[in-house]
Amino acid sequence: MPTVLLLGAGSDMAVAIARKFAAEQYDIQLAGRNAAALQPLQQDLQVRYGVTATTHDFDATSFGSHPAFYNSLPVQPDVTICVFGYLGDQEKAQSNWEEAAAIINTNFTGAVSILNIVADSYAAKGQGTIIGISSVAGERGRQSNYIYGSAKAGFTAYLSGLRNRLFRSGVHVMSVQPGFVNTRMTQHLTLPPLLTAQPEAVATAVFKAAKKKKNILYVKWHWKYIMLIIKSIPEGVFKKLKL
Amino acid sequence: MQKRLANWGNYPAVASDENVFTQEAQLRKFVVSNTHMIARGNGRCYGDASLGEHSISMLRYDKVLAFDKENGILEAQAGVTLDQILDIIVPHGWFLPVTPGTKYITLGGAVASDVHGKNHHVDGSFSGHIIDMDIITGNGETICCSHTAHTDLFWATCGGMGLTGVITRIKFSLKKISTAYIKQTQIKASNLEEVIRLFDEYKHYTYSMAWIDCLQKGDSFGRSILIVGEHAAPEELSAKQKEAPLKLPAKRKLSVPFNLPSFVLNTFTVKAFNWLYYGKNYKKEMHKVIPYEPFFYPLDAILHWNRGYGKAGFVQYQFVLPLNKKEGLVTILKRISDKGWGSFLAVLKVFGQQDSLISFPMEGYTLALDFPVRNGLLPFLDELDEIVLQYGGRLYLSKDARMKQEIFWNSYPNAAKFAAIVQQYNTNNRFVSLQSERLLLTK
Ligand SMILES: Cc1cc2nc3c(=O)[nH]c(=O)nc-3n(C[C@H](O)[C@H](O)[C@H](O)COP(=O)(O)OP(=O)(O)OC[C@H]3O[C@@H](n4cnc5c(N)ncnc54)[C@H](O)[C@@H]3O)c2cc1C
Ligand SMILES: NC(=O)c1ccc[n+]([C@@H]2O[C@H](COP(=O)([O-])OP(=O)(O)OC[C@H]3O[C@@H](n4cnc5c(N)ncnc54)[C@H](OP(=O)(O)O)[C@@H]3O)[C@@H](O)[C@H]2O)c1
């Protein structure tokens with residue numbers, strides 16, 4: 001059976017993705033900051049779908065531990081999905097370096113650190129799929145979340161470069177650009193229902209798009225056009241908007 | 001963030017913040033640092049039992065932890081819904097020991113309402129099948145309780161409407177089946193007397209319930225259809241069904257996309273009943289083998305059917321009267337049909353004996369029907385409450401949105417004992433719902 005590695009496996013989106021791949025008979029490796037807390041999910045995947053699931057300690061921001069983490073996995077995964085992320089507190093991050101660094105290190109530096117290792121391994125084997133969950137927030141900086149947004153922008157650019165580099169080695173890289181998703185990250189925000197996806201819908205979209213080797217996936221599709229419009233607003237106008 | 005929350009009856013609706021949990025540590029932290037919260041499953045109780053100032057959504061606390069296929073034991077977190085459980089267990093030849101008339105409820109909700117099914121007279125309510133369960137109580141402690149451990153907490157939690165704490169894990173036994181089909185028999189009864197006699201005649205059947213036409217008067221008063229069933233044996237299936245006896249044919253779901261004017265649903269049920277009663281078959285008794293879904297969950301085939309009652313919502317009225325008080329049933333049904341406000345159809349069922357602290361069922365007749373919300377409805381239901389009380393009956397808390405507190409305290413014989421156990425585990429008034437405030441069970 002093929003195996004998927006989920007980095008940041010405790011989030012609602014990751015649970016939905018794990019279940020979708022397990023339903024399609026993939027074995028699942030669950031990696032997160034607290035492996036013990038992932039045990040109920042591990043059991044759930046085994047009982048519901050009859051696949052093998054394992055749990056692993058992984059912290060995106062302890063960069064030095066990443067090589068050992070990846071080498072100690074019981075089998076090399078065929079698909080690696082980078083789900084972890086940290087929205088943080090924009091206002092705090094503007095003046096508190098620790099908060100800003102946490103946002104940047106989780107969303108960008110940590111992702112680069114672990115995916116560099118995965119990419120080399122896949123390039124050497126000449127196969128594999130890397131999926132990164134970035135965000136539409138990375139497509140244009142807005143005053144309300146530009147630290148998170150710029151870290152995601154970095155991640156999106158990284159994924160695009162990686163896709164370019166690995167194309168010839170037969171390794172596929174997919175960037176996922178969700179708009180709003182109904183998860184713990186957003187439970188205290190008021191989200192427009194029509195533009196908000198459920199984690200299960202994200203999971204199905206990710207699975208299907210990965211099968212079709214899509215490069216960039218927007219969920220929901222409206223976001224592609226919304227971002228086209230947002231990106232086309234001249235900077236002189238944009239800077240005056242309250243976004 | 002404040003959201004508008006309402007349960008299945010769309011009445012009442014309140015502003016509440018919804019807090020979603022996936023891990024025990026987060027949940028415990030929330031419990032010990034807040035007050036006036038109430039656990040919420042899938043919001044399928046009709047009234048205000050799972051509405052409160054802060055709500056704890058259990059829907060993502062939904063991991064299935066273990067399934068013993070040899071002995072038929074399932075262990076899961078409280079937010080898993082019954083429909084997900086059925087998908088897991090039925091293909092392996094197991095079924096829910098007790099199921100309500102919808103599969104879109106959570107395990108936690110099944111315990112907190114101590115739900116009953118069409119097999120109550122044979123298998124009792126859900127609590128009888130629990131092996132053990134974990135509850136996070138008011139001081140943040142997780143207590144594992146069962147029929148033999150922490151029994152006070154166990155019995156105050158079964159049917160306790162979330163007031164002892166948050167149920168997090170439940171382990172329970174399943175029922176063995178050899179097919180996913182039900183051998184069903186429908187019997188027409190021309191009046192209430194007859195259907196009550198038929199219930200007795202057919203009481204050896206595992207499952208039974210009746211639809212009553214509430215509009216008939218005179219000789220046809222209580223005209224009804226009794227539906228009884230058994231899990232079908234493999235040899236009872238058709239050739240097509242035999243190909244995969246534990247698999248159901250795939251089906252598409254219809255949905256009511258928005259609130260409809262309330263006459264629509266009534267017209268629909270009238271048609272459905274008449275179709276059953278007079279439909280293609282004039283025989284008194286009809287037999288067929290059908291998938292378990294239409295047998296147990298006929299209304300689930302139409303998602304959001306509650307919107308058929310319109311914006312104002314509806315209340316469901318369900319009461320139980322002791323076996324020797326069937327004249328009470330006549331009195332109440334007459335009042336309802338005279339008023340002409342109730343739904344056209346009511347569901348009648350006979351409960352077997354039940355020995356529990358605060359659960360709804362007791363040996364007798366239970367009747368459930370819907371009333372669209374309108375002016376004058378609440379005083380009318382208060383009148384009905386008095387009759388129920390007078391005949392020694394009580395109302396189902398899970399359907400209740402409006403009962404006066406004295407009705408509750410006078411009709412549930414163990415109310416005071418229940419309240420005392422709640423006080424013990426519900427430290428600092430952590431768990432409070434609109435219902436518990438209304439019934440003066442919490443402060
Ligand atoms: C179409 C339909 C048919 C029905 N048929 C029947 C029937 O035949 N028999 C029957 O008995 N009932 C029946 N019901 C009622 C339903 O089974 C109960 O109301 C059930 O409790 C709903 O569960 P829920 O998960 O939706 O919980 P909710 O409606 O959200 O909550 C119900 C109660 O459970 C508590 N609760 C939920 N989760 C937890 C938890 N984890 N810990 C502590 N407390 C919790 C809530 O606080 C609340 O008091 C029916 C309902 C519908 C809509
Ligand atoms: N929700 C949205 O609207 C939305 C929109 C666009 C993009 N996204 C992106 O989608 C992804 C999933 O988001 P979500 O909404 O499900 O968010 P979430 O519930 O906040 O989950 C974030 C996950 O990241 C993990 N994580 C945080 N820091 C970590 C670290 N240092 N090491 C390892 N794991 C870490 C968390 O682990 P713990 O469980 O240990 O805390 C958590 O599982 C994120 O990348 C997010 O940026 C979300």
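The values are calculated or read from the model by the stated rules, or taken from the named source; none is laboratory data. What you see is a predicted model; the values in this text were computed from it and never measured. Methodologically, a virtual Cβ is constructed for each residue, glycine included, from the backbone with ideal geometry; neighbour enumeration extends over all protein chains shown. Surface accessibility is based on the protein's heavy atoms, side chains included, excluding ligands, DNA and RNA. Shrake-Rupley method; radii C 1.70, N 1.55, O 1.52, S 1.80 Å.
Across the protein assembly as shown, Cα-Cα pairs more than 41 Å apart make up 36 percent of the total. Taking amide H as placed 1.01 Å from N in the peptide plane, the amide H of B:Asp17 sits under 5 Å from that of B:Lys3, B:Ser55, each at least 5 places away or on another chain. Sorting A:Lys242, A:Lys20, B:Lys443, A:Lys224 on solvent-accessible area from highest to lowest, probe radius 1.4 Å, gives A:Lys242, B:Lys443, A:Lys224, A:Lys20.
At full extension, B:Ala416 and B:Arg374 could sit 11.8 nm farther apart than now, given 0.36 nm per residue minus the alpha carbon distance. Normalised radius of gyration (Cα atoms, divided by 2.2 N^0.38 Å) for chain B: 0.95.
Considering only alpha-carbon pairs that sit under 8 angstrom and 6 or more positions apart, the relative contact order computed for segment B:167-257 is 36 percent. Rounded to the nearest whole Hz, the Karplus-based 3J(HN,Hα) values (6.51 cos²θ - 1.76 cosθ + 1.60, θ = phi - 60°) of segment A:205-217 follow the sequence 4, 5, 4, 5, 5, 5, 4, 8, 6, 5, 8, 10, 10, with x at glycine and proline. Phi angles across segment B:62-73 convert, under the Karplus curve 6.51 cos²θ - 1.76 cosθ + 1.60 with θ = phi - 60°, into 3J(HN,Hα) values of 10, 8, 8, 9, 7, 9, 8, 6, 6, 9, x, 10 Hz, Gly and Pro given as x.
Between amide H atoms placed 1.01 Å from N, distances below 5 Å from B:Ala39 occur with B:Ile56, all of them 5 or more places distant or on a separate chain. Amide H contacts for A:Val173 (H built 1.01 Å from N in the peptide plane; partners 5 or more residues away or on another chain; cut-off under 5 Å): A:Ile130.
Looking at the P(r) of segment A:3-238, how many percent of alpha-carbon pairs lie beyond 21 Å?
Numbers: 15450 of 27730 pairs.
Tail fraction, whole percent: 56.
Residues of chain B were split at every exposed loop site, defined as chymotrypsin sites (Phe, Trp or Tyr not before Pro) in a DSSP loop with at most 10 other C-beta atoms within 10 angstrom, and the longest piece left, sites excluded, is B:1-257. Can you tell me how segment B:1-86 classifies by the Cα gyration tensor, rounded, prolate or oblate, using a/c under 1.5 as the rounded cut? Oblate, since a/c reaches 1.5 and b/c is not below a/b.
Within chain B, the selection of entire DSSP H helices by a Cα span of 18 Å or greater along the long axis and an average Kyte-Doolittle value of at least -0.5 returns B:263-278, B:326-339, B:377-390. Largest GNM mean-square fluctuation among B:Pro361, B:Pro372, B:Pro413, using chain B with Cα springs under 10 Å: B:Pro413. A straight line joining the Cα centroids of segment B:179-247 and segment B:283-310 runs 12 Å.
The string of couplings for segment B:365-371 from the Karplus curve (6.51, -1.76, 1.60, θ = phi - 60°) is 9, 10, 10, 10, 8, 9, 10 Hz, one whole number per residue in order, with x for Gly and Pro. For B:Ala78, the shell of other residues with beta-carbons less than 12 Å away shows a net charge of +1, using +1 for Lys and Arg and -1 for Asp and Glu. A:Leu191 label point, 7 Å along Cα→Cβ, cut-off 16 Å on backbone N: hits in segment A:116-157? Counting only backbone N, you get A:133-138.
Between B:Glu363 and B:Gln26, what FRET efficiency comes out of the Förster formula 1/(1 + (r/R0)^6) with R0 = 51 Å and r the beta carbon distance, rounded to 0.05?
0.75
At the residue level, B:Ile177 shows approximately 10 square angstrom of accessible surface with a 1.4 angstrom probe and all protein chains present. Calculated mean residue ellipticity, 222 nm, chain B: -7500 deg cm²/dmol, from DSSP H runs (n ≥ 4) at -39500 (n - 2.57) each, averaged per residue and rounded to 500. Fraction of C-alpha pairs exceeding 25 angstrom in segment B:124-256: 58 percent, rounded to a whole number. The relative contact order of segment A:3-238, computed from alpha carbon pairs under 8 Å that lie at least 6 residues apart in sequence, is 19 percent.
Between segment A:204-223 and segment A:17-38, what is the C-alpha centre distance in whole Å? Taking the Cα centre of segment A:17-38 as reference, the centre of segment A:204-223 is 20 Å away.
Between A:Glu91 and A:Phe238, the distance separating the two model label sites (each 7 Å from Cα on the Cα→Cβ line) works out to 2.5 nm. Note down the relative contact order for chain B as a percent, whole number, built from C-alpha pairs under 8 angstrom at least six residues apart. After rounding, I find 19 percent.
May I ask you to derive the FRET efficiency for B:Glu230 and B:Asp68 from their Cβ-Cβ distance with R0 = 25 Å, giving the value to the nearest 0.05? The formula returns an efficiency of 0.50 here.
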